[in-house]
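What follows is one structure encoded as structure tokens, with my remarks underneath.
The values are calculated or read from the model by the stated rules, or taken from the named source; none is laboratory data. Remember, it's a predicted structure, so these values are computed and weren't measured experimentally. Please note: Cβ atoms are built from the backbone with ideal geometry, for glycine as well, and neighbour counts cover all protein chains shown. All accessible areas refer to the heavy atoms of the entire protein, side chains included, with ligands and DNA or RNA removed. Shrake-Rupley method; radii C 1.70, N 1.55, O 1.52, S 1.80 Å.
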Amino acid sequence: MTRELLPIGAFARLCRLSVKQLRHYDELGLLRPASVDPATGYRYYRRDQVRDAMVIALLRSLDVPLAAITRVLTGDDEARAAVLRTERTRTAERIAAQQRSWQLLDRLLTGGLLADGLLRHEVILAQEPARRLLVQHAVCAPEEIGPTVGSGIGTLMAGVSGLDWTPPVWGLFPVDLGSQLRIAVGVQSDEPAEAVPGIAVAHLPAGPVVAAVHVGPYEHLTLTYQAVFAWIHERGLRPCGQVREAYLADPGTTEPAHLVTRVVVPIDDEELS
């Protein structure tokens, strides 16, 4: 047996792995020993398992999930390539999210937006007029809001092409965030909803709102939201209805740093009396 198989310690040295790692791979079902001594429980491996062991170690170092590693080990060339492409995309998305976080921290640091634990932002109490919108609805998770809004606006613009409507484009969102959100994008118009398939009418009532203007990428809108909701709750007010975003600059022709978005949060009339 010892001439044909390697004990776990020798195999670990050959693979430049630890015995603990090999035992863990065994427990996970990623790399089973070729033989286990029934009396002692000692694990033995074949030399041709070295390559799989090193592939597992490499992919784990790249944070590839265990299920994906299993598909790499068991699949053909096409399947392995598909798994690796998926993981490359996942890594790119994670890096992009980390980059957005870095930019947000940099804005807090260099923009003087935090002072004495408070968010600095110009927030106002205003009266908002009633609006009639033609809207496109969608349901998404909170982390999917950005792409869902972008896709919805594209569909909406194609639908209202040729109709009379008043800029800007609006986004409508629930006050309370759950795992699934019903959101909408719309434009102010008196045109009948029947003119566009899939379009509905939303009536936004007149009333008091708390509002602030955000300048910068949409990914940084959380700064303005934090300031607005802090302002509301510090004054004992209660948000109600739908949160609204008015997109005052065209993202197709405007640099992200110069995008302008008006954040509007309706508040309960009774709280002001």
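Restricting to the range 125-167, name every residue that is among the hydrophobic types (A, V, I, L, M, F, W, C) and either in contact with a helix residue (DSSP H, G or I) (Cβ under 7 Å, 6 or more places away or on another chain) or open to solvent by 30 Å² or more (accessible area, probe 1.4 Å) (or both).
L125, A130, L134, A138, V139, C140, I145, I153, M157, A158, L163, W165
Step by step: first the residues of the range 1-22, then only those that are assigned to a loop (DSSP other than H, G, I, E, B) and in contact with a helix residue (DSSP H, G or I) (Cβ under 8 Å, 6 or more places away or on another chain), then the one that is surrounded by the fewest Cβ atoms within 10 Å (Cβ to Cβ). Which residue is that?
Residue satisfying both the conditions and the ranking: R16.
If you go through the range 180-201 one residue at a time, do you hit one that is open to solvent by 20 Å² or more (accessible area, probe 1.4 Å), small (G, A, S), under 25 Å from E144 (Cβ atoms) and not in a helix (DSSP H, G or I)?
Yes, the range 180-201 has at least one match.
Could you count how many residues in the range 82-96 are exposed (fewer than 12 other Cβ atoms within 10 Å of the Cβ) and either touching a Lys or Arg at 6+ places or on another chain (Cβ under 6 Å) or not basic (K, R) (or both)?
Number satisfying all stated conditions: 5.
How many residues does the range 154-176 hold that are farther than 21 Å from P205 by Cα and in contact (Cβ under 8 Å) with a residue 40 or more places away in the chain?
3
Could you grab me the full set of residues in the range 83-115 that are over 19 Å from T224 (Cβ atoms) and either at pLDDT 80 or above or not in a helix (DSSP H, G or I) (or both)?
Selection gives V83, L84, R85, T86, E87, R88, T89, R90, T91, A92, R94, I95.
So is G236 in a loop (DSSP other than H, G, I, E, B), open to solvent by 20 Å² or more (accessible area, probe 1.4 Å) and farther than 26 Å from M157 by Cβ or not?
Yes.
List pairs: first residue in the range 80-101 and touching a residue at least 40 places away in the same chain (Cβ under 8 Å), second residue in a helix (DSSP H, G or I) and of a type in the set (F, W, Y) anywhere in the structure, Cβ distance under 7 angstrom, at least six positions apart or on different chains.
Note: no pairs meet the criteria.
Restricting attention to the range 254-273, which residues are open to solvent by 50 Å² or more (accessible area, probe 1.4 Å) and farther than 21 Å from Q103 by Cβ?
Passing the criteria: R262, D269, E270, E271, L272, S273.
Is it true that A230 is more than 23 Å from P129 (Cα to Cα), of a type in the set (G, A, S) and either open to solvent by 10 Å² or more (accessible area, probe 1.4 Å) or assigned to a strand (DSSP E or B) (or both)?
yes
Which condition number does V213 fail, the rest of (1) touching a residue at least 40 places away in the same chain (Cβ under 8 Å); (2) open to solvent by less than 40 Å² (accessible area, probe 1.4 Å) being met?
(2)
State the number of residues belonging to the range 175-201 that are within 24 Å of R238 (Cβ to Cβ) and touching a His at 6+ places or on another chain (Cβ under 9 Å).
3
Please go through the range 23-61 and pick out each residue that is among the basic types (K, R), farther than 26 Å from T86 by Cβ and open to solvent by 60 Å² or more (accessible area, probe 1.4 Å).
Selection gives R23, R46, R47.
Considering the range 195-243 alone, what residues qualify as being within 24 Å of the chain's Cα centre (by Cα) and of a type in the set (A, V, I, L, M, F, W, C)?
Matches in the range 195-243: A212, V213, V215, L221, L223, A227, V228, F229, A230, V243.
Could you tell me which numbered condition D52 fails, if it satisfies all but one of (1) at pLDDT below 90; (2) within 29 Å of E93 (Cβ to Cβ)?
The failed condition is (1).
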